[in-house]
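The values are calculated or read from the model by the stated rules, or taken from the named source; none is laboratory data. Keep in mind it's a predicted model, so treat the numbers as computed, not measured. Using ideal geometry, Cβ is built from the backbone for each residue, glycine included, and neighbour counts are taken over all protein chains shown.
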Amino acid sequence: MSRIHVTARVNGDKVEFLCDPRETLLDVLRDNLGLTGTKEGCGTGDCGACSVTVDGRLICSCLMLGAEAEGKEIGTVEGIANGEELHPLQVKFIEHAALQCGICTPGILVAAKNLLEHNPAPSETEVRYWLAGNLCRCTGYDKIIRAVLDTAAEIRAAN
Amino acid sequence: MRYHRPETFEEAVRLAAGAPGVTRFLLGGTDVLVQLRSGMVTPDVMIDLKGIPGISKVMRTEDGGWCIGAAVPGSKLGANADLVADWPGVVEGIELVGSTQIQSRATLTGNLCNASPAADGVPGLVAASATATVVGPHGSRIARVEDIPTGPGSTSLEPGEVISGINLPRRGENGGDAYLRFIPRSEMDIAVVGCAVNLRLDGDAVVEARVVLGAVAPTVLVLPDAAELLVGTALGEGELEKLAAAASAACKPISDKRGTIEFRTEVAGVLAKRAAKIAYSRAKG
């Protein structure tokens, strides 16, 4: 089976990879590029653990082929912190204890960051609807929602 | 599996016509990739249409209607204020499909071609009298959206045919549409019943009506008799009751884990009334 050569950008860095036509972007990120921060949950687009951004739009990387990434700008959880300096969302998630087992957390961070880029002042309802595609079986969601709202307020105050 | 990314519809059709085995066209992939990964479908050829110029655009047509390219995702429809103003019922249908992540990818055309009886994007299109532009080995043709699905998972598209876009007519004056569905929770579920209503008024009186049900038969159902009951009325309580009875009577649902025959039949009537009221208030402006 012939492999496909793809050139894309991940978290600002140019990457090249060869992928099988059946491989998803999630497979490519984890297995070809070693970016294992993006998690596989359901593999059917229901749980959001594999959330990444493609050209600024939030998607499930399990529902996109690696071959489709040609020329795209991909954002993963590894690109959220600035080196050793955590993103305000990451700081607030720790502060609010907005995670327990942590497997949903990378996807939720990517989704929440994308929300705040679209809408710096979301209501609680907007946060809940935006994150409806990110399942968490530990926290009961409240701590996550509060962490996102608190981050939004802090970023607004800083600006 | 071979992956192709053609740059014209002609090339896509030629690839599909000459392909061995199972072919799938790829738009947002939210159904196709699930089927691929679960082994439900094992395509030999995947033809990704998103490299075709214009396929991800929403355009106003010369006659004041709309052409929605096959690869336009739901979030892009919701962000188009002029389209939402013209056809809120069409947009709210596709916007009910899945999460933020799914909205970034899922398309009206894909929702139509996946041919689920419960497709949320389809009843609104049918109520709006939308058409699909179908490109195939023998050129292109226009098909009514309601004629595309023929049963669960099957369509009237011939081998090698592909939808290039969906066409909505000019909204015109004093029109309004709405789509409602029932699910047991507030988000992220598949319709137990869906209903779209599209109306045009002259003063307080309805002069044109379309009533469409989803998830209560193998395909989307158009209810001309139920629509006729509304024409000439101002949607009083009596007419709404008759509409509900007609909608319930038209249902041919199955019982499954989402709902029983009796429940779906009852809810179809309730949703028809509610959707008609919303469409009426939108038509009033």
Picked from the range A:106-135 (must be outside any helix (DSSP H, G or I) and within 14 Å of chain B (Cβ to nearest Cβ)), the residue farthest from A:A158 (Cα to Cα) is A:L135
Given the criteria over 21 Å from the mean Cα position of the chain (by Cα) and modelled with pLDDT of 95 or more, does B:V45 qualify?
yes
Taking the stated definitions as given, is B:V72 β-branched (V, I, T), closer than 19 Å to A:P21 by Cα and modelled with pLDDT of 95 or more?
no
I'm trying to understand the selection: among the residues of the range B:253-263, which are within 12 Å of B:F182 (Cβ to Cβ) and out of contact with any helix residue (DSSP H, G or I) (no Cβ under 9 Å at 6 or more places or on another chain)?
B:F263
Can you tell me which residues in the range A:8-55 are surrounded by fewer than 18 Cβ atoms within 10 Å (Cβ to Cβ), within 14 Å of another protein chain (Cβ to nearest Cβ) and among the β-branched types (V, I, T)?
A:T44
Out of curiosity, is A:L116 more than 30 Å from A:C19 (Cβ to Cβ), under 14 Å from the mean Cα position of the chain (by Cα) and surrounded by fewer than 23 Cβ atoms within 10 Å (Cβ to Cβ)?
yes
Would you pick out the residues in the range B:50-75 that are outside any loop (DSSP other than H, G, I, E, B) and in contact with a helix residue (DSSP H, G or I) (Cβ under 7 Å, 6 or more places away or on another chain)?
B:V58, B:W66, B:I68, B:P73, B:G74, B:S75
Can you tell me which residues in the range A:72-88 are assigned to a helix (DSSP H, G or I) and either more than 29 Å from A:V6 (Cβ to Cβ) or over 15 Å from the mean Cα position of the chain (by Cα) (or both)?
A:P88
Out of all the residues in the range A:83-102, is one or more over 22 Å from A:K143 (Cβ atoms), modelled with pLDDT of 95 or more and buried (at least 19 other Cβ atoms within 10 Å of the Cβ)?
no
Scan the range B:76-125 residue by residue and report those that are touching a strand residue (DSSP E or B) at 6+ places or on another chain (Cβ under 7 Å), part of a loop (DSSP other than H, G, I, E, B) and hydrophobic (A, V, I, L, M, F, W, C).
B:W87, B:L96, B:A106, B:A115, B:A118, B:A119
How many of the residues making up the range A:31-52 are within 20 Å of B:M1 (Cβ to Cβ) and without any contact (Cβ under 8 Å) to a residue 12 or more places away in the chain?
1
Can you pull out the residues in the range B:243-285 that are farther than 20 Å from B:G214 by Cβ and surrounded by fewer than 15 Cβ atoms within 10 Å (Cβ to Cβ)?
B:S281, B:K284, B:G285
What single numbered condition from (1) at positive phi; (2) not in a loop (DSSP other than H, G, I, E, B) fails to hold for B:L240?
(1)
Inspect all residues belonging to the range B:100-109 and state whether any of them is of a type in the set (A, V, I, L, M, F, W, C) and within 14 Å of chain A (Cβ to nearest Cβ).
yes
Considering each of A:A67, A:A8 in turn, give the residue that is closer than 20 Å to B:F25 by Cβ and either at pLDDT 95 or above or assigned to a helix (DSSP H, G or I) (or both).
A:A67
Every listed condition ((1) touching a residue at least 24 places away in the same chain (Cβ under 8 Å); (2) within 14 Å of chain B (Cβ to nearest Cβ); (3) surrounded by fewer than 14 Cβ atoms within 10 Å (Cβ to Cβ)) holds for A:H5 save (1)
Tell me, which residue of the range B:1-39 that is of a type in the set (A, V, I, L, M, F, W, C) and in a loop (DSSP other than H, G, I, E, B) is modelled with the lowest pLDDT?
B:A19
For the range B:110-143, enumerate the residues that are out of contact with any helix residue (DSSP H, G or I) (no Cβ under 9 Å at 6 or more places or on another chain) and either more than 21 Å from B:C251 (Cβ to Cβ) or among the charged types (D, E, K, R) (or both).
B:C113, B:T133, B:V134, B:H138, B:G139, B:R141, B:I142, B:A143
Just a yes or no: is a residue in the range A:89-105 in contact with a Gly (Cβ under 9 Å, 6 or more places away or on another chain) and either outside any helix (DSSP H, G or I) or within 12 Å of chain B (Cβ to nearest Cβ) (or both)?
yes
Members of the range A:53-90 that are farther than 24 Å from B:H4 by Cβ and touching a residue at least 24 places away in the same chain (Cβ under 8 Å)
A:T53, A:G56, A:L58, A:G75, A:T76, A:V77, A:E78, A:G79, A:I80, A:H87, A:P88, A:L89
Among residues belonging to the range A:56-71 that are of a type in the set (D, E, K, R) and facing chain B (nearest Cβ under 7 Å), point out the one that is surrounded by the most Cβ atoms within 10 Å (Cβ to Cβ).
A:E68
Take the residues of the range B:1-22 that are touching a strand residue (DSSP E or B) at 6+ places or on another chain (Cβ under 8 Å), without any contact (Cβ under 8 Å) to a residue 60 or more places away in the chain and more than 9 Å from every other protein chain (Cβ to nearest Cβ): which is surrounded by the fewest Cβ atoms within 10 Å (Cβ to Cβ)?
B:P20
